[in-house]
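A quick write-up on the structure given underneath.
The values are calculated or read from the model by the stated rules, or taken from the named source; none is laboratory data. Everything numeric in this text was worked out from a predicted model, so none of it was measured. Cβ: placed from backbone, ideal geometry, glycine included. Neighbour counts: every protein chain shown. Just the protein is used for accessible areas: all its heavy atoms, side chains included, with ligands, DNA and RNA removed. Shrake-Rupley method; radii C 1.70, N 1.55, O 1.52, S 1.80 Å.
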Amino acid sequence: MSILIALIPMVAWGSIALVSGKLGGDANQQTLGMTMGAFVFALVTYFIVQPAMSSWILLIGFLSGLFWSVGQNGQFHGMKFMGVSVGLPISTGFQLILNTVAGAVFFHEWTKTKDFVLGFIALALLVLGAYLTARKDDDSGVQTDDSMLNFGKGLRALIFSTFGYGVYTIIITWAGLDPLAIILPQSIGMLVGASFFAFRKTKVDRYVWRNMASGLLWGIGNVCMLLSVQNIGLAIGFSLSQMGIIISTLGGIFLLGERKTKKELYYVIIGCLLIIVGGVVLGYMKA
(Lines give C-alpha, C1' and ligand atoms only; values in the text may rest on other atoms or scores of the structure.)
Protein backbone atom coordinates (compact mmCIF):
# COMPACT_ATOMS: atom_id res chain seq x y z
CA MET A 1 0.00 0.00 0.00
CA SER A 2 2.87 2.40 0.81
CA ILE A 3 4.31 1.88 -2.68
CA LEU A 4 0.91 2.56 -4.29
CA ILE A 5 0.57 5.82 -2.32
CA ALA A 6 4.12 6.75 -3.38
CA LEU A 7 3.16 6.30 -7.05
CA ILE A 8 0.22 8.75 -6.90
CA PRO A 9 2.55 11.81 -7.01
CA MET A 10 4.11 10.30 -10.14
CA VAL A 11 0.80 10.72 -11.98
CA ALA A 12 -0.29 13.98 -10.32
CA TRP A 13 3.05 15.80 -10.54
CA GLY A 14 3.91 14.33 -13.92
CA SER A 15 0.78 15.98 -15.32
CA ILE A 16 1.42 19.46 -13.88
CA ALA A 17 3.81 20.70 -16.56
CA LEU A 18 1.41 19.49 -19.27
CA VAL A 19 -1.61 21.11 -17.63
CA SER A 20 0.27 24.40 -17.09
CA GLY A 21 1.58 24.29 -20.65
CA LYS A 22 -1.96 23.92 -21.99
CA LEU A 23 -3.44 26.55 -19.63
CA GLY A 24 -0.86 29.16 -20.63
CA GLY A 25 0.69 32.07 -18.76
CA ASP A 26 4.26 32.95 -17.86
CA ALA A 27 6.33 31.37 -15.06
CA ASN A 28 5.10 33.84 -12.42
CA GLN A 29 1.44 33.44 -13.43
CA GLN A 30 1.77 29.66 -13.36
CA THR A 31 3.45 29.67 -9.93
CA LEU A 32 0.89 32.06 -8.43
CA GLY A 33 -2.09 30.18 -9.85
CA MET A 34 -0.65 26.87 -8.73
CA THR A 35 -0.14 28.08 -5.16
CA MET A 36 -3.68 29.46 -5.00
CA GLY A 37 -5.02 26.06 -6.04
CA ALA A 38 -2.78 24.32 -3.50
CA PHE A 39 -4.04 26.67 -0.76
CA VAL A 40 -7.68 25.85 -1.58
CA PHE A 41 -6.87 22.11 -1.50
CA ALA A 42 -5.04 22.45 1.85
CA LEU A 43 -7.85 24.51 3.38
CA VAL A 44 -10.50 21.95 2.43
CA THR A 45 -8.29 19.11 3.70
CA TYR A 46 -7.73 20.91 7.01
CA PHE A 47 -11.45 21.35 7.69
CA ILE A 48 -12.14 17.71 6.82
CA VAL A 49 -9.29 16.14 8.82
CA GLN A 50 -8.88 18.84 11.52
CA PRO A 51 -5.33 17.86 12.54
CA ALA A 52 -3.66 19.19 15.69
CA MET A 53 -1.66 22.40 15.19
CA SER A 54 1.29 23.94 17.04
CA SER A 55 3.62 26.89 16.55
CA TRP A 56 6.38 24.46 15.45
CA ILE A 57 4.16 22.94 12.75
CA LEU A 58 3.20 26.44 11.58
CA LEU A 59 6.85 27.53 11.36
CA ILE A 60 8.22 24.44 9.60
CA GLY A 61 5.24 24.27 7.24
CA PHE A 62 5.55 27.95 6.31
CA LEU A 63 9.32 27.69 5.68
CA SER A 64 8.83 24.53 3.61
CA GLY A 65 6.23 26.27 1.45
CA LEU A 66 8.42 29.35 1.06
CA PHE A 67 11.32 27.28 -0.27
CA TRP A 68 8.95 25.28 -2.48
CA SER A 69 7.95 28.53 -4.22
CA VAL A 70 11.64 29.18 -4.93
CA GLY A 71 11.93 25.69 -6.44
CA GLN A 72 8.75 25.86 -8.51
CA ASN A 73 9.37 29.34 -9.86
CA GLY A 74 12.89 28.35 -10.90
CA GLN A 75 11.59 25.18 -12.56
CA PHE A 76 8.93 27.06 -14.55
CA HIS A 77 11.61 29.53 -15.73
CA GLY A 78 13.91 26.64 -16.67
CA MET A 79 11.15 24.97 -18.69
CA LYS A 80 10.36 28.24 -20.47
CA PHE A 81 13.98 28.46 -21.66
CA MET A 82 14.54 24.75 -22.38
CA GLY A 83 11.07 23.32 -23.02
CA VAL A 84 9.21 20.82 -20.84
CA SER A 85 10.77 17.72 -22.43
CA VAL A 86 14.32 18.98 -21.69
CA GLY A 87 13.98 21.19 -18.60
CA LEU A 88 11.94 18.82 -16.45
CA PRO A 89 14.21 15.76 -16.85
CA ILE A 90 17.28 17.84 -15.91
CA SER A 91 15.43 19.30 -12.91
CA THR A 92 14.35 15.81 -11.86
CA GLY A 93 17.90 14.47 -12.08
CA PHE A 94 19.24 17.26 -9.85
CA GLN A 95 16.48 16.70 -7.28
CA LEU A 96 16.96 12.93 -7.25
CA ILE A 97 20.65 13.28 -6.47
CA LEU A 98 20.10 15.82 -3.68
CA ASN A 99 17.18 14.07 -1.95
CA THR A 100 18.54 10.54 -2.29
CA VAL A 101 21.90 11.51 -0.81
CA ALA A 102 20.16 13.46 1.98
CA GLY A 103 17.91 10.52 2.85
CA ALA A 104 20.69 7.94 2.77
CA VAL A 105 23.44 9.96 4.47
CA PHE A 106 21.81 12.53 6.75
CA PHE A 107 18.73 10.55 7.82
CA HIS A 108 20.43 7.11 7.82
CA GLU A 109 17.65 5.48 5.80
CA TRP A 110 20.12 3.05 4.24
CA THR A 111 21.93 0.95 6.83
CA LYS A 112 22.99 -2.23 5.02
CA THR A 113 25.45 -2.72 2.19
CA LYS A 114 22.59 -4.07 0.04
CA ASP A 115 20.66 -0.83 0.60
CA PHE A 116 23.53 1.29 -0.71
CA VAL A 117 24.24 -1.02 -3.66
CA LEU A 118 20.60 -1.22 -4.82
CA GLY A 119 19.96 2.41 -3.92
CA PHE A 120 22.81 3.78 -5.99
CA ILE A 121 22.00 1.42 -8.88
CA ALA A 122 18.42 2.75 -8.84
CA LEU A 123 19.64 6.35 -8.58
CA ALA A 124 22.07 5.84 -11.48
CA LEU A 125 19.27 4.37 -13.62
CA LEU A 126 16.94 7.27 -12.78
CA VAL A 127 19.53 9.97 -13.43
CA LEU A 128 20.76 8.30 -16.65
CA GLY A 129 17.16 7.95 -17.78
CA ALA A 130 16.53 11.63 -17.03
CA TYR A 131 19.67 12.57 -18.98
CA LEU A 132 18.66 10.52 -22.02
CA THR A 133 15.15 12.00 -22.14
CA ALA A 134 16.74 15.46 -22.29
CA ARG A 135 19.60 14.59 -24.67
CA LYS A 136 19.84 16.49 -27.93
CA ASP A 137 20.70 15.02 -31.32
CA ASP A 138 24.20 16.30 -32.13
CA ASP A 139 23.61 15.61 -35.84
CA SER A 140 20.38 17.63 -36.04
CA GLY A 141 22.20 20.87 -36.83
CA VAL A 142 24.48 23.47 -35.33
CA GLN A 143 23.10 25.12 -32.22
CA THR A 144 22.64 28.87 -32.44
CA ASP A 145 24.02 31.32 -29.93
CA ASP A 146 20.46 32.06 -28.82
CA SER A 147 19.70 28.40 -28.09
CA MET A 148 22.91 28.00 -26.08
CA LEU A 149 22.16 31.22 -24.19
CA ASN A 150 18.67 29.97 -23.37
CA PHE A 151 20.09 26.63 -22.21
CA GLY A 152 22.53 28.46 -19.91
CA LYS A 153 19.75 30.61 -18.47
CA GLY A 154 17.58 27.54 -18.01
CA LEU A 155 20.37 25.59 -16.29
CA ARG A 156 21.00 28.42 -13.81
CA ALA A 157 17.27 28.60 -13.09
CA LEU A 158 17.16 24.83 -12.44
CA ILE A 159 20.15 24.94 -10.06
CA PHE A 160 18.34 27.68 -8.13
CA SER A 161 15.19 25.56 -8.29
CA THR A 162 16.93 22.43 -6.95
CA PHE A 163 18.05 24.30 -3.83
CA GLY A 164 14.49 25.43 -3.09
CA TYR A 165 12.96 22.03 -3.75
CA GLY A 166 15.65 20.33 -1.64
CA VAL A 167 14.95 22.44 1.44
CA TYR A 168 11.18 21.96 0.95
CA THR A 169 11.41 18.18 1.38
CA ILE A 170 14.44 17.88 3.67
CA ILE A 171 13.14 20.27 6.36
CA ILE A 172 9.86 18.32 6.67
CA THR A 173 11.68 14.98 6.90
CA TRP A 174 14.02 16.44 9.53
CA ALA A 175 11.11 17.76 11.63
CA GLY A 176 9.11 14.50 11.39
CA LEU A 177 5.69 16.19 11.51
CA ASP A 178 2.20 15.00 10.56
CA PRO A 179 1.87 15.50 6.77
CA LEU A 180 -1.85 16.30 7.03
CA ALA A 181 -1.16 19.01 9.63
CA ILE A 182 1.68 20.64 7.77
CA ILE A 183 0.03 21.21 4.38
CA LEU A 184 -2.03 24.28 5.41
CA PRO A 185 0.86 26.39 6.78
CA GLN A 186 2.94 25.04 3.91
CA SER A 187 0.41 26.31 1.37
CA ILE A 188 0.45 29.74 3.05
CA GLY A 189 4.24 29.85 2.69
CA MET A 190 3.86 28.84 -0.96
CA LEU A 191 1.35 31.62 -1.55
CA VAL A 192 3.57 34.23 0.13
CA GLY A 193 6.60 33.14 -1.88
CA ALA A 194 4.70 33.07 -5.18
CA SER A 195 3.23 36.51 -4.46
CA PHE A 196 6.76 37.83 -3.89
CA PHE A 197 7.92 36.54 -7.28
CA ALA A 198 4.80 37.89 -8.98
CA PHE A 199 4.83 41.31 -7.20
CA ARG A 200 4.53 44.14 -9.76
CA LYS A 201 5.13 41.59 -12.53
CA THR A 202 1.86 39.69 -12.71
CA LYS A 203 -1.79 40.63 -12.71
CA VAL A 204 -4.33 38.19 -11.28
CA ASP A 205 -5.89 37.45 -14.65
CA ARG A 206 -7.44 34.46 -16.38
CA TYR A 207 -4.10 32.66 -16.68
CA VAL A 208 -3.62 32.79 -12.91
CA TRP A 209 -7.14 31.51 -12.26
CA ARG A 210 -6.74 28.75 -14.84
CA ASN A 211 -3.50 27.52 -13.27
CA MET A 212 -5.31 26.86 -9.98
CA ALA A 213 -6.13 23.49 -11.57
CA SER A 214 -2.43 22.56 -11.50
CA GLY A 215 -2.39 23.52 -7.81
CA LEU A 216 -5.08 20.95 -7.05
CA LEU A 217 -2.99 18.30 -8.81
CA TRP A 218 0.06 19.39 -6.85
CA GLY A 219 -1.85 19.24 -3.54
CA ILE A 220 -2.91 15.63 -4.14
CA GLY A 221 0.63 14.64 -5.08
CA ASN A 222 2.13 16.54 -2.14
CA VAL A 223 0.00 14.81 0.52
CA CYS A 224 0.76 11.38 -0.93
CA MET A 225 4.48 12.17 -1.23
CA LEU A 226 4.70 13.37 2.39
CA LEU A 227 2.82 10.28 3.60
CA SER A 228 5.09 7.97 1.61
CA VAL A 229 8.26 9.72 2.83
CA GLN A 230 7.00 9.24 6.39
CA ASN A 231 6.46 5.51 5.76
CA ILE A 232 9.29 4.48 3.45
CA GLY A 233 11.85 7.29 3.79
CA LEU A 234 12.95 10.34 1.79
CA ALA A 235 15.40 8.53 -0.51
CA ILE A 236 12.83 6.05 -1.85
CA GLY A 237 9.58 7.99 -1.38
CA PHE A 238 10.82 11.08 -3.22
CA SER A 239 12.52 9.07 -5.96
CA LEU A 240 9.32 7.17 -6.75
CA SER A 241 7.36 10.43 -6.89
CA GLN A 242 9.71 11.74 -9.59
CA MET A 243 8.93 8.92 -12.02
CA GLY A 244 6.23 11.25 -13.37
CA ILE A 245 8.99 12.54 -15.64
CA ILE A 246 7.83 9.82 -18.06
CA ILE A 247 4.39 11.41 -18.31
CA SER A 248 5.67 14.97 -18.62
CA THR A 249 8.39 14.13 -21.14
CA LEU A 250 6.17 12.11 -23.47
CA GLY A 251 3.33 14.58 -22.99
CA GLY A 252 5.62 17.48 -23.85
CA ILE A 253 6.36 15.80 -27.16
CA PHE A 254 2.94 14.42 -28.14
CA LEU A 255 0.56 16.91 -26.45
CA LEU A 256 2.50 20.19 -26.39
CA GLY A 257 4.12 19.59 -29.78
CA GLU A 258 7.78 19.88 -28.72
CA ARG A 259 9.72 18.60 -31.72
CA LYS A 260 12.18 15.71 -31.52
CA THR A 261 14.36 14.08 -34.15
CA LYS A 262 14.19 10.32 -34.72
CA LYS A 263 17.38 9.83 -32.70
CA GLU A 264 16.06 11.99 -29.86
CA LEU A 265 12.89 9.89 -29.73
CA TYR A 266 15.06 6.78 -29.30
CA TYR A 267 16.87 8.52 -26.44
CA VAL A 268 13.51 9.37 -24.84
CA ILE A 269 12.22 5.79 -25.10
CA ILE A 270 15.42 4.30 -23.63
CA GLY A 271 15.45 6.97 -20.91
CA CYS A 272 11.86 6.23 -19.93
CA LEU A 273 12.61 2.49 -19.76
CA LEU A 274 15.61 3.14 -17.49
CA ILE A 275 13.44 5.30 -15.21
CA ILE A 276 10.87 2.49 -14.97
CA VAL A 277 13.59 -0.06 -14.10
CA GLY A 278 15.01 2.33 -11.50
CA GLY A 279 11.57 2.69 -9.94
CA VAL A 280 11.11 -1.09 -9.87
CA VAL A 281 14.45 -1.45 -8.04
CA LEU A 282 13.36 1.14 -5.45
CA GLY A 283 10.06 -0.69 -5.03
CA TYR A 284 11.93 -4.01 -4.53
CA MET A 285 14.00 -2.41 -1.76
CA LYS A 286 10.84 -1.77 0.28
CA ALA A 287 9.01 -4.96 -0.69
Listed peptides 29-39, 249-259, 156-166 by packing density, highest first (mean Cβ within 10 Å): 29-39, 156-166, 249-259
Shape of segment 200-287, Cα gyration tensor, a/c cut at 1.5: oblate
Segment 34-177, accessible surface, carbon-and-sulfur percent (1.4 angstrom probe): 70
Karplus (6.51, -1.76, 1.60) ³J(HN,Hα), θ = phi - 60°, over segment 21-34, in Hz, Gly and Pro reported as x: x, 6, 6, x, x, 8, 4, 5, 5, 5, 5, 5, x, 5
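Once you order the gyration tensor axes a ≥ b ≥ c over the Cα atoms, which shape class does segment 1-132 get: rounded for a/c under 1.5, otherwise prolate or oblate by comparing a/b with b/c? Intermediate results must be reported in sequence, preceding the final value.
Values: a/c = 1.92, a/b = 1.13, b/c = 1.70.
Verdict is oblate for segment 1-132.
About its Cα centre, how strong a charge dipole does the chain have in debye, to the nearest 20, once Lys and Arg get +1 and Asp and Glu get -1 at the Cβ? All intermediate terms of the calculation are to be shown ahead of the outcome.
On the way: 18 positive and 12 negative charges, 64 e Å.
Using only the charged Cβ atoms, the result is roughly 300 debye.
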Pair Trp56, Lys203: separation of 7 Å Cα→Cβ label points (nm): 4.7
Per residue solvent-accessible surface (Å²) - segment 157-201, probe of 1.4 Å: 43
Protection-proxy order for peptides 185-198, 42-55, each taking the mean of Cβ atoms within 10 Å per residue, highest first: 185-198, 42-55
Label point 7 Å beyond Cα of Val49 along Cβ direction - residues of segment 179-209 with amide nitrogen under 19 Å: 179-191
Cα gyration tensor shape of the chain, rounded if a/c is under 1.5, else prolate or oblate by comparing a/b with b/c: oblate
